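For reference, the structure discussed in these notes is given below.
The values are calculated or read from the model by the stated rules, or taken from the named source; none is laboratory data. The structure displayed is predicted, hence computed values, not measured ones. Because the Cβ atoms are built from the backbone with ideal geometry, glycine has one as well, and the counts that use them run over all protein chains shown. The protein model used for the area step is the full one, side chains on, heavy atoms only, and it has no ligands, DNA or RNA in it. Shrake-Rupley method; radii C 1.70, N 1.55, O 1.52, S 1.80 Å.
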Amino acid sequence: MDHAPVSLTRQAISATLHCLTGCAIGEVLGMVVGTALGWHNLATVVLSVVLAFVFGYSLTIRPVLRSGLAFKAAIGVALAADTVSIAVMEVVDNAVMLLVPGAMETGLATWLFWVSLVFSLAIAFVVTVPVNRWMIARGRGHAVVHQHHH
């Protein structure tokens, strides 16, 4: 019996959860700041995307640095491991937020904002798992990080 596809799927889910953590921190922080300051949707989305990449890369760089890799090399590993995953997640997440009527304009104190944000992150996770699975199967994406984990 071949267990490789299940293992590959588990790796993809793990990689996507890792990506989702960084993306969610950046996305939530960006949405909260942009919405609280009354920024236009575009400015809020740009801030959210920038912060998602910063936190997503940071969560990869930290353990890679602990493995003994130099900072410049750790940045290269993070870029190779997470760029596509974060980009897919951010496109989907922000598209969903923009497509839910009133989600970005409703304000932080409403259920619509928070439910929409959680929903958008969940959809982004579901869409990104197969992308990460495809990349890991080809030795790309998060597969490049695994050699640095102890």
Hey, can you find the accessible area per residue of the chain for me, probe 1.4 Å, expressed in square angstrom?
53
Quick one: length gained pulling Glu105 to Arg10 fully straight, 0.36 nm per residue minus the C-alpha distance?
30.5 nm
Net charge near Leu79 (other residues with Cβ under 14 Å of its Cβ; Lys, Arg +1; Asp, Glu -1) is +1
On the accessible surface of region 1-139, probed at 1.4 Å with all protein chains in place, carbon and sulfur together account for a percent value of 75
Using only Cα atoms and rounding to the nearest 10 degrees, what angle (0 to 90) does helix 41-66 make with the longest principal axis of the chain?
30
Once the Cα atoms of helix 4-36 and of the chain are each reduced to a long axis, what angle between those two axes, in degrees from 0 to 90 to the nearest 10, is obtained?
30
